[in-house]
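See structure below.
The values are calculated or read from the model by the stated rules, or taken from the named source; none is laboratory data. Only a predicted model underlies this, so the values are computations on that prediction, with no experimental measurement involved. All Cβ positions, even for glycine, are placed from backbone atoms using ideal geometry, and neighbour counts span all protein chains on display.
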Amino acid sequence: MSHMTSNSKSRSSARSIICLVFAMGVFATAHSGFAQQTPLISGGAGLLTDTNNGNTTYYPIIEPLLAAPIGKKVLVESRAALLESFSPKGAGQAGYDHSHFIGLTFLQGDYLATPNLTFVGGEFLIPFNTYNERLTPIWIGNYQDAPLIFPLGLLSSSSGLGGVVRGNAISRNRYSINYNYFYSTRSGTEQFTSHRGTGGRVGLYLPEQRLEAGFSFDRLLQGTHENFYGAHVWWEPKDTAFRLRSEFGRGQHAEGYWVEADYRTLAFGGLDSIIGRIEPVLRIQQTFRLDTIVSDGLPPANTQRVDLGLDYNSPHNIRILTSYSRQFSSTGNHNVWETGIVYHFLFPAWKGKE
Amino acid sequence: MTSKYWLFVFLVLASVSVLALAAQKSDAPVTASTTKTFVAAKRSLKQQDEGQRVFQQNCSRCHASPEGFSPRISGTIVRHMRVRASLSQHEEEALLHFFNP
């Protein structure tokens, strides 16, 4: 849950609800001009647990996503997180303490300007490396925990307030190049906390080899100005259910990487067979501290961690996630056990035109 | 006898010609229609293949395909994916066709 707990947004639920109601209002004004463009509600609902040093914490969570097209060129979309956590009281006391969190993850408007250029405005996920944009939804990620280097390059809040230009610069049968560039302003508004910064990402994808490589860069433009660099490589060999994903990140005070592999066999009746739904996952990660300034959310000492996961992709869009992690560091070694069940929902926001 | 013979031949030839012309007229639209249908079906299959390729290369890299959804939201899903996965307009159209063959 580190990507959630590291989020520095205010936890004012009242304002969050106002924002959600505002977002719903925007969606309610959307008109579906085409039969296939009814606004949708998607997302995940789950119960996650993690056991650290013998203490088990429970996280019931809902992450709704709303998307509403307006006309032929505009899309308004938003994702929120509603989380409650129950953790054991310390100091030998019985019972559990609980806390809650409600917050918008992003709320953005997209304008499809040309076939290869899209403008995004509002609160957006910072497009640094791949994890933040692609793998943070609970119904997508293979692990509950984000990688240790996740905070690098995300300007302390993982979302920015401003604009992004993005798209597919070149799209050919043998290769494609995608790009994005963002500028985020400084904001202290409770639901839209962001830092001033700018950066972007460029990626090359080779469809025949199913290989993607990309480079990210961004710069914090407030306080002590810092640069962040990132690189990612994804590979999914054709006609297999094997996936390899990796990222490298470097900041002013620390750097690190993670490599994740998962596999589902096609040998026993395909992906929808009982065996085919089982998904072993392995993730290896390391972080290296470059100096003694710990301002980036990474561990204070060099750390190695291995995550062994076993997921099950049940019918009806349900996933069961389990993992065991062992973390090695000069500040101490420890185990983390995680289990969870997540349901992915997806349906029209209302009855549209047939 | 000769004139009757030639009259008979003329009538037969005329009948055959009229029948042939009639057959040609009725055949012509059928042939064009069949060709159009064939071309459309071929184009549709090609778009379907391309949409499947776009789905496999872009969407399923991150997540499994959801088990069924209403066709009313297929356009919204595709537009969301266009932004999230940086698809081109052409890929968006192919993907939409894949969801709604």
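Tabulated values for the structure
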{"item": "Breaking point among (1) part of a strand (DSSP E or B); (2) under 19 Å from B:Phe55 (Cα atoms); (3) not polar (S, T, N, Q), for A:Glu208", "result": "(1)"}
{"item": "Selection count where residues are at pLDDT below 95 and not β-branched (Val, Ile, Thr), scope region A:161-177", "result": "9"}
{"item": "Residues that are without any contact (Cβ under 8 Å) to a residue 24 or more places away in the chain, within 26 Å of the chain's Cα centre (by Cα) and within 8 Å of another protein chain (Cβ to nearest Cβ), drawn from region B:54-72", "result": "B:Gln57, B:Phe69, B:Ser70, B:Arg72"}
{"item": "Hits in region A:178-200 (condition: surrounded by 17 or more Cβ atoms within 10 Å (Cβ to Cβ), modelled with pLDDT under 90 and in contact with a Lys or Arg (Cβ under 6 Å, 6 or more places away or on another chain))", "result": "A:Gln191, A:Thr193"}
{"item": "Subset of region A:232-263 [among the aliphatic types (A, V, I, L, M) and either in contact (Cβ under 8 Å) with a residue 60 or more places away in the chain or in contact with a helix residue (DSSP H, G or I) (Cβ under 7 Å, 6 or more places away or on another chain) (or both)]", "result": "A:Ala254"}
{"item": "Every residue from region A:151-185 that is assigned to a loop (DSSP other than H, G, I, E, B) and either more than 18 Å from A:Gln108 (Cβ to Cβ) or within 14 Å of chain B (Cβ to nearest Cβ) (or both)", "result": "A:Pro151, A:Leu152, A:Gly153, A:Ser156, A:Arg172, A:Asn173, A:Arg174, A:Tyr175"}
{"item": "Hits in region B:62-83 (condition: charged (D, E, K, R) and surrounded by fewer than 18 Cβ atoms within 10 Å (Cβ to Cβ))", "result": "B:Glu67"}
{"item": "Per-region count, region A:81-117, residues over 21 Å from the mean Cα position of the chain (by Cα) and outside any loop (DSSP other than H, G, I, E, B)", "result": "12"}
{"item": "Residues located in region A:281-301, provided they are assigned to a strand (DSSP E or B) and under 20 Å from A:Tyr131 (Cβ atoms)", "result": "A:Val281, A:Leu282, A:Arg283, A:Ile284, A:Gln285, A:Gln286, A:Thr287, A:Phe288"}
{"item": "Filter result (assigned to a loop (DSSP other than H, G, I, E, B), farther than 23 Å from A:Pro60 by Cβ and either polar (S, T, N, Q) or at pLDDT 95 or above (or both)) within region A:302-354", "result": "A:Asn302, A:Ser330, A:Thr331, A:Asn333"}
{"item": "Every residue from region A:60-80 that is surrounded by fewer than 21 Cβ atoms within 10 Å (Cβ to Cβ) and closer than 20 Å to A:Glu338 by Cα", "result": "A:Pro60, A:Ile62"}
{"item": "Residues of region A:65-86 that turn out to be over 25 Å from A:Phe101 (Cβ atoms) and aromatic (Phe, Trp, Tyr), as a count", "result": "0"}
{"item": "Residue, surrounded by the most Cβ atoms within 10 Å (Cβ to Cβ), within region A:45-59, restricted to residues that are touching a Pro at 6+ places or on another chain (Cβ under 9 Å) and among the hydroxyl-bearing types (Ser, Thr, Tyr)", "result": "A:Thr57"}
{"item": "Residue among B:Gly75, B:Gly51 that is in contact (Cβ under 8 Å) with a residue 12 or more places away in the chain, within 7 Å of chain A (Cβ to nearest Cβ), within 24 Å of the chain's Cα centre (by Cα) and under 25 Å from A:Asn180 (Cβ atoms)", "result": "B:Gly75"}
